[in-house]
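Written out below as structure tokens is the structure these notes cover.
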Amino acid sequence: MKKFKFLCMALIAVFTCVSFTSCSDDDDDDAGSGPVEPNRERKLKTMYYVDNESGFVYYGFSNPQWSGDKLIAFCDGDYRPDNKMTISYSDGNKAFVGGDIEMTLNEKGYALYADYHGWSFAYNENGQLVNWHDDDDYEFCTLTYNADGDIINAESSLYGSKMFEYTNGTVTSPIENKGGIMMMNNWRIMWDFEYYYWFGIYGKATRHLPVKVGNDTYDWTLDGQGYPAKCVVTYAEDADYSEGSDTYYFEWE
């Protein structure tokens, strides 16, 4: 299992538990004018992963609430499975995540600025995230894409440079990313804000699913409709991580 993962997830837990309520609440938040989910035949229902060494289960996405095609709430509970993450919209270009984190959106509904540490976001002409950074450029990540719309390199203040690969000896054709999966923390693209991607405010997903990020490998299992059902992530030992593996599970409506 990744040694550094516990620190990243702890930071997320501390950040999210400030203003979230229990997922047992049935309040129906106002969807407002936020972005609509990407064109998918199925919506994500649950995403969780199992530490294959300890057997611990961590839930990253569960109990989603929708207003039409707009996701307005879900549970993120790496340490507290009842954490409810919400989003609401006002003034046409404002989003409030978790109740008190204000984000300014562009005309497509993608985040441009978050008042939490002054994070700014930029996108390419295809609506994919290419850069985020704080006001002091102390924390940042820059993403480079190929012509297929897939990330080929992530350069970040925390992890340095990580190359992405989409084929290997057994996967000879890139795997279509039908579910729009973006494992932002696991792929070392983003931390603290990673799960907000599911609200549609970080732009479009990659076209394909990576089979290698840096020295870590991703073994995907698809269901009968071509959506991810499982992914075994095997971590290579480096300066930040020890060897080990996690298994991610995905359930779709």
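The values are calculated or read from the model by the stated rules, or taken from the named source; none is laboratory data. This structure is a prediction, so every number in the text was calculated from the model and none was measured. Glycine also receives a Cβ, built like all others from the backbone with ideal geometry; neighbour counts cover every protein chain displayed. Accessible surface areas use protein heavy atoms only, side chains included; no ligands, DNA or RNA. Shrake-Rupley method; radii C 1.70, N 1.55, O 1.52, S 1.80 Å.
Taking all protein chains as they are arranged and a probe of 1.4 Å, the heavy atoms of PHE56 leave approximately 120 Å² accessible to solvent.
Summarising the label geometry, the points placed 7 Å from Cα in the beta-carbon direction at THR172 and ASN126 lie 2.4 nm from one another.
Computed on protein heavy atoms with a 1.4 Å probe, the accessible areas place VAL171, VAL97 in the order VAL171, VAL97, largest first. Extension gain, GLU41 to PHE56: 0.36 nm times the residue separation minus the Cα-Cα distance gives 2.3 nm. Each Cα pair under 8 Å and six or more residues apart adds its sequence gap; the mean of these over the residue count of region 104-200 is a relative contact order of 14 percent. Compared with the direct C-alpha span, the chain from PHE140 to GLN225 gains 27.0 nm at full extension, assuming 0.36 nm per residue. Near the amide H of GLU243, within less than 5 Å, lie the amide hydrogens of GLU237, all on another chain or at least 5 residues away, with H placed in the peptide plane.
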